Amino acid sequence: MKKYKTYSILCVLFVLFLLLGNIGLSAEPITLRISWWGSQTRHDRTLKVLELYNKLNPNVKFETEFGAFSGYWDKLAVQAAAKNLPDIIQIGYGYLEEYAGRGLLAEITPFVDKGIISFKDASPAIKEAGMVEGKLYAVCLGMNAWAIAYDPLAAEKAGISISKTGLWTWNDYRRFAKKIYEATGLKAELPFMDEPTNILAYYLQQNGLNLYNSTGTGLGFSDPKYMQEILEIFLDLVKSGAAPHPSEYAVTRSLEDSLLVKGKAWLYWLWSNQFVALAQAAKRPLSLTLPPRGKNPGLFLNPSQFFVISANSKYKEEAAKFINFFVNNIDANKILLAERGVPTSSKVRKALKDIVDPIVKQTFDYMDLAARNSIPTVPRQPAKASEIKKLGQEIFQKVLYGEISPADGAKEFMKRGNEILQGK
Amino acid sequence: MTRKSQPKKSWLFLIINWEEKLMNEKYSFFKRVLNSENTSGYVFILPWILGFLIFTIIPILSTLFLSFTKYDLLTSPRFIGFENYIRMFTNDPKFIKSLKVTFFYVFVSVPLKLTFALMIALLLSYNSKLSPLYRAIYYIPSMMGGSVAIAVLWKRLFSSDGTINALLNLVSIHTDISWIGNPKTAIWTLIILAVWQFGSSMLIFLAGLKQIPVSYYEAASIDGANVFQRFFRITLPLLTPIIFFNLVMQLINGFMTFTQAFIITEGGPLNNTLFYALYLYQRGFQFFDMGYACAMAWFMLIIIAILTSLIFKSSNFWVYYESKEE
């Protein structure tokens with residue numbers, strides 16, 4: 001009797017199994033794995049877009065892997081080594097060359113030829129940004145640039161007016177920071193403390209130089225004075241109290257956790273697209289302006305992120321369809337609201353301008369401004385860039401903590417930086 | 001059957017053939033093997049053995065191979081001999097720094113933790129109605145201690161606007177230093193975290209304390225020994241095997257500390273909490289320098305092996321086993 005029962009249950013299960021299999025076959029369900037990094041705002045919006053796509057294409061499901069920037073590349077590297085990369089990967093400009101060069105990414109050209117991915121509303125430079133050695137691997141999701149977000153009320157209280165067009169010099173920057181600190185007790189946050197090489201690169205570009213040389217085999221400058229100067233500016237601010245002590249940055253802070261959001265600072269350096277998340281977290285009006293100017297423009301228009309398709313993906317065409325939807329669909333972009341940078345498609349940009357989300361409008365206006373103050377090319381990011389960034393962070397900390405002088409810090413950076421890039 | 005025709009047979013057939021042969025020729029032998037207790041024992045631990053071989057031994061051996069190569073995870077490894085090992089000592093200040101930091105951490109946190117665990121164990125060894133409850137409560141931290149959640153909590157406790165500073169402000173010590181961000185205090189926040197996880201050592205101590213016969217203490221008190229004399233003359237000597245065990249285990253654990261530094265301090269400030277395991281991880285997964293990371297792992301193995309064997313050697317002088325009484 002007991003045996004009979006077991007058999008009957010097994011039979012029922014078997015029939016169910018067959019039925020399920022059949023249903024599956026008729027709808028051809030596909031699961032696309034997709035990974036990205038970002039802030040909470042980005043996670044929320046991206047998940048909503050995935051939901052929308054799933055509603056329109058019920059057979060496509062998504063398996064998401066998302067988190068903060070730190071740790072993202074570690075995980076991706078392991079997945080790459082295990083030949084287990086997600087189908088669709090968000091990738092940064094600095095990593096594109098490395099991943100494409102090692103054959104980990106699928107070429108996108110066939111999908112563009114078939115019309116699955118369309119670049120027709122984007123400028124040719126956008127398509128070019130996703131190319132490595134003449135082959136197209138990546139679809140740019142938006143453009144951004146370095147920027148300064150500040151609290152206009154704090155500046156007003158101190159009787160300072162900051163021009164929206166950023167007509168301030170590095171000396172103004174220092175003076176304003178000190179004045180506002182005296183008047184309000186609010187500090188000017190230190191720039192990009194998890195990646196302070198950004199501020200160095202900005203300063204170098206203002207002086208007509210680059211952080212890396214054109215072949216990626218060494219630093220692009222030989223005089224340590226530039227790094228010394230930029231270190232001196234911020235050391236001075238830290239000493240006077242107008243900038244927070246570096247120990248505040250010993251632990252990486254998320255955007256939502258920044259001193260600006262907590263109401264302890266009035267100025268924050270960021271990538272322009274991060275402004276959307278920052279303004280949302282700060283819950284008070286913020287303005288965007290250009291960083292202090294120098295002899296030459298120091299900014300560049302940066303392809304903020306790309307979507308790429310991994311070479312081992314089983315559903316490359318489905319992945320391509322989704323990427324096109326993500327970049328060109330107006331409804332999708334009305335959810336995303338330029339959080340990944342100013343959209344590449346002119347049609348999408350137009351549609352978004354109609355929504356007149358004040359924060360989005362601010363970033364759009366800023367990008368127009370930045371475009372007029374940028375160097376024409378995107379600086380190269382060599383494969384060793386991540387180690388240089390870590391070194392830069394170390395040197396900035398050492399100097400701002402007062403362990404070594406700016407001059408010694410600059411020298412040490414030059415020496416060890418060149419060693420790393422030359423591969424020792 | 002000629003020899004030539006044999007290779008054509010499928011392997012399955014050969015096995016069946018072989019089995020039959022066994023059954024016929026040495027039926028009793030085969031049956032004996034199948035039915036013996038050892039066989040069933042091996043079958044039962046087979047999953048573990050397979051797991052051990054596939055997930056432990058093979059990876060360990062491959063790291064040994066990889067430690068002699070330049071391997072960036074994405075392209076295939078290239079053999080470079082002892083270059084990784086040489087670079088560690090000649091051209092990597094961060095490696096030396098991480099060694100120093102790790103040794104400091106281990107040599108401070110392990111004795112502190114053991115002392116603390118022993119003290120709590122002594123307190124809890126007095127029988128009261130509530131002592132089982134206390135035992136459970138004091139054990140909780142060591143169950144959660146290595147977790148990410150506790151690390152995040154620690155980050156909040158010791159940040160510039162964290163709970164510790166708020167408490168200090170309450171007793172009118174006004175400070176807004178970031179305990180984690182200050183190069184002098186950062187490592188101590190991690191040491192406190194380690195000491196806080198005294199639970200498992202405490203339980204082992206407690207078990208050891210229970211084993212000491214009460215009659216020794218009775219005899220000693222009749223002879224007029226006070227509390228301290230009883231502790232240092234009876235408890236401590238009889239507890240040395242337990243201390244020895246705890247010391248070895250905690251030492252090994254200490255050298256492998258990773259999560260705490262990875263989450264709480266990220267190795268900073270100024271690399272003052274750059275633990276060996278953390279630097280190894282950075283090398284391997286952030287700088288794509290897996291060959292070097294493997295070499296570091298093997299060097300750590302050697303350090304732990306040497307230290308452990310030193311402790312074992314020294315145990316002749318200070319560990320007291322009752323059974324060895326002359």
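No lab work stands behind these numbers, since they all come straight from the coordinates. In this text, all values refer to a predicted model and were calculated from it rather than measured experimentally. Note that we place each Cβ from the backbone using ideal geometry, even for glycine, and neighbour counts take in every protein chain shown.
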| Which ³J(HN,Hα) values, rounded to whole Hz and listed in residue order, are derived for segment B:148-163 from phi using the Karplus coefficients 6.51, -1.76 and 1.60 in 6.51 cos²θ - 1.76 cosθ + 1.60 with θ = phi - 60°, glycine and proline given as x? | 5, 4, 5, 4, 5, 4, 4, 4, 6, 4, 9, 6, 5, 10, x, 5
| request: Grab the beta carbon distance between A:LYS350 and A:GLU403, set R0 = 51 Å, and tell me the FRET efficiency rounded to 0.05. | output: 0.45
| request: Report the relative contact order of chain A, percent, no decimals, based on alpha-carbon pairs under 8 angstrom and at least 6 residues apart. | output: 26 percent
| query | How big is the antiparallel share of DSSP beta bridges in chain A, given as a percent to the nearest 5? | reply | 60 percent
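Among rounded, prolate and oblate, which fits chain A when a ≥ b ≥ c are the square roots of the eigenvalues of its C-alpha gyration tensor, a/c under 1.5 means rounded, and a/b larger than b/c means prolate?
On the way: a/c = 1.93, a/b = 1.77, b/c = 1.09.
Prolate.
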| remark: Given unit charges at Cβ for Lys, Arg (+) and Asp, Glu (-), the dipole magnitude of segment B:8-130 about its Cα centre in debye, nearest 20, is 160 debye
| request: Would you kindly give the portion of the calculated P(r) for the protein assembly as shown that falls above 35 Å, as a percent of all Cα pairs? | output: 59 percent
| note | Full extension between A:ASN418 and A:SER254 adds, at 0.36 nm per residue less the Cα distance, a length in nm of 56.0 nm
| task | Apply 1/(1 + (r/R0)^6) to the Cβ-Cβ distance of B:ILE303 and A:THR109, taking R0 = 45 Å, and write down the FRET efficiency to the nearest 0.05. | result | 0.30
| field | Label-point gap, in nm, between A:GLU128 and A:ASN171 - each point 7 angstrom along Cα→Cβ | value | 3.8 nm
| query | Can you give the FRET efficiency for B:LEU123 and A:ALA82, using 1/(1 + (r/R0)^6), R0 = 51 Å, r = Cβ-Cβ distance, to the nearest 0.05? | reply | 0.55
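Which trypsin sites (Lys or Arg not before Pro) from segment A:105-203 combine a DSSP loop assignment with at most 15 other Cβ atoms within 10 Å? Don't skip to the end; give the middle numbers.
Details: sites: A:LYS114, A:LYS120, A:LYS127, A:LYS135, A:LYS157, A:LYS164, A:ARG174, A:ARG175, A:LYS178, A:LYS179, A:LYS187; in loops: A:LYS114, A:LYS120, A:LYS164.
Filter output for segment A:105-203: A:LYS114, A:LYS120, A:LYS164.
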| said: Show log10 I(q)/I(0) for segment B:92-324 at q = 0.08, 0.16, 0.17 Å⁻¹, two decimals, from a solvent-free Debye sum over equal Cα scatterers. | reply: -0.38, -1.16, -1.24
| query | Helix B:131-144: angle to the longest alpha-carbon principal axis of chain B, degrees 0 to 90, nearest 10? | reply | 70 degrees
| query | In what sequence do A:ARG372, A:ARG380 fall when counting other Cβ within 10 Å, fewest first? | reply | A:ARG372, A:ARG380
| task | Would you work out if segment B:108-196 is rounded, prolate or oblate? Take a ≥ b ≥ c from the square roots of the eigenvalues of the alpha-carbon gyration tensor; rounded if a/c is under 1.5, else prolate when a/b is larger than b/c, oblate otherwise. | result | prolate
| In a shell of Cβ-Cβ distance under 15 Å around B:ARG135, excluding B:ARG135 itself, what net charge do Lys and Arg (+1) and Asp and Glu (-1) give? | +2
| task | Calculate the spin-label point distance for B:ILE49 paired with B:PHE245, positioning each point 7 Å from the Cα along the beta-carbon direction, and give it in nanometres. | result | 2.8 nm
| message | Nearest 5 percent is fine: what portion of the DSSP beta bridges confined to the protein assembly as shown is antiparallel? | response | 60 percent
| Student exercise, segment A:29-151 dipole from Lys, Arg, Asp, Glu Cβ charges, in Debye to nearest 20 | 340 debye
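Give me the percent relative contact order of segment B:222-326, please, defined on Cα pairs under 8 angstrom at least 6 residues apart.
31 percent
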| request: Report the label-to-label distance for B:TYR321 and B:ARG156 in nanometres (one decimal), using points 7 Å from each Cα along the Cα→Cβ vector. | output: 4.9 nm
| message | Among A:GLY38, A:GLY115, A:GLY67, which one shows the highest mean-square fluctuation when chain A is modelled as a Gaussian network with alpha-carbon springs under 10 Å? | response | A:GLY115
| field | Amide N proximity, segment A:295-320 versus A:ASP223 label position 7 Å along Cα-to-Cβ, cut-off under 19 Å | value | A:295-298
| task | Give me the distance between the Cα centres of segment A:33-99 and segment A:190-222, rounded to whole Å. | result | 28 Å
| message | If you consider only alpha-carbon coordinates, what radius of gyration and Dmax does segment A:160-289 have, in Å? | response | 15.5, 48
| remark: Placing +1 on each Lys and Arg Cβ and -1 on each Asp and Glu Cβ in segment B:92-324, then taking the dipole about the Cα centre, the residue among B:GLN250, B:TYR292, B:PRO93 whose Cα reaches farthest towards the positive end is B:GLN250
| task | Distance between Cα centroids, segment B:63-101 to segment A:281-305: provide it in whole Å. | result | 40 Å
| task | Would you please classify the overall shape of segment A:50-137 from the alpha carbon gyration tensor, given that a ≥ b ≥ c denote the square roots of the eigenvalues, rounded means a/c under 1.5, and beyond that prolate means a/b larger than b/c while oblate covers the rest? | result | oblate
| query | Can you list the HN-Hα couplings for segment A:90-100, worked out from phi with the Karplus curve (6.51, -1.76, 1.60; θ = phi - 60°), rounded to whole Hz and with x for Gly and Pro? | reply | 7, 9, x, 4, x, 10, 4, 4, 5, 6, 5
| request: Of the listed pairs A:LYS157/A:LYS283; A:LYS120/A:LYS390; A:LYS283/A:LYS353, which have alpha-carbon separations greater than 28 Å here? | output: A:LYS120/A:LYS390
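Where in segment A:58-93 are there chymotrypsin sites (Phe, Trp or Tyr not before Pro) that are in a DSSP coil and have at most 16 other Cβ atoms within 10 angstrom of their Cβ?
A:PHE69
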| said: For chain B, set up a GNM with springs between Cα atoms under 10 Å and report which of B:PHE82, B:PHE13, B:PHE65 has the largest fluctuation. | reply: B:PHE13
| remark: Residue-normalised 222 nm signal for chain A, counting each DSSP H run of n ≥ 4 as -39,500 (n - 2.57), nearest 500 deg cm²/dmol, is -15000 deg cm²/dmol
